[in-house]
1. Add +1 for every Lys or Arg and -1 for every Asp or Glu among the other residues with Cβ under 15 Å from the Cβ of Ile169, and state the total.
2. What does the extension gain come out to for His49 and Phe156, with contour length at 0.36 nm per residue minus their alpha carbon separation?
3. Kirkwood hydrodynamic radius, segment 149-197, all distinct C-alpha pairs: what's the number in Å?
4. Are any of the pairs Lys149/Lys193; Lys59/Lys179; Lys59/Lys190; Lys47/Lys149 more than 23 Å apart by Cα-Cα distance, and if so, which?
5. Would you list Phe164, Phe40 from fewest to most Cβ contacts within 10 Å?
6. Fewest Cβ neighbours within 10 Å first, please rank Thr135, Thr62, Thr53 accordingly.
7. Once both labels are modelled 7 Å past Cα along the beta-carbon direction, what's the Phe194-Ser176 spacing in nm?
8. Could you please rank Ser23, Ser137, placing first whichever residue has the fewest other Cβ atoms within 10 Å of its Cβ?
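Coordinate-derived values only; no laboratory data. Everything quoted here is computed from the prediction, not taken from an experiment. Reconstructed Cβ throughout: ideal geometry from the backbone, glycine too, with neighbour counts over all protein chains shown.
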Amino acid sequence: MPDKFKNKYRIPSARLSNWDYSSNAAYFLTICTENREHYFGNIINAKMHLSPTGVFANKCWTEIPGHFPHFHLDEFIVMPNHVHGIVMIEKPYIDNNPRFNIVETGHALSLRKPGIEEPEIKPKHPRFRNQGRNTISAMIGSFKSAVTKYCNENKFRFGWQTRFHDHIIRDTNEFSAIKNYILDNPVNWKDDKFYSD
């Protein structure tokens, strides 16, 4: 039975409890639509044909590195009811040297001078919102939020599955196999575990 938080049941996290999801690694990610509805388009003759929502989701995915500087994209695809992608976090390793004082700010944040009050400036249409640390969960939350906002603004019916699937890629053979799986996803659509009519 799930644990309770504030007297409500919560679903236990599917993430590895002993893994820091801001760590350098290659991650295979899958994000599904609510009830696996075909919001992103359809497969016709073994090729993905994107709907307007699918086009926007594809665009948002390609923009991830611009909002999460140490995130790099490898193979990905927007399918009718899910997105598959390999995302690599590659932060530089810095020796623990007391002479260096490194300050990092999140996307759309800036360092403020002490004692100076600055008005909060909100961008007109932010695609991604900062959710704290640069983790896989924060990145996916921002991606999902941007797509949802676009659909709401355009009055498109849309919804996401609450959770997402992740797999930490262990070696080059696994990386290659997952990359080929993503590339071949449209061709093998009817045999895919996410397939629905």
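1. -4
2. Between His49 and Phe156, full extension yields an extra 36.8 nm.
3. Answer for segment 149-197: a Kirkwood hydrodynamic radius of 13.8 Å.
4. From the list (Lys149/Lys193; Lys59/Lys179; Lys59/Lys190; Lys47/Lys149), the Cα-Cα distance tops 23 Å for Lys149/Lys193; Lys59/Lys190; Lys47/Lys149.
5. Details: Phe164 20, Phe40 26.
Ranked by crowding around the Cβ, least crowded first: Phe164, Phe40.
6. Starting with the residue having the fewest Cβ neighbours, the order is Thr62, Thr135, Thr53.
7. About 2.5 nm separates the two model spin labels.
8. With the sparsest Cβ surroundings first, the list reads Ser23, Ser137.
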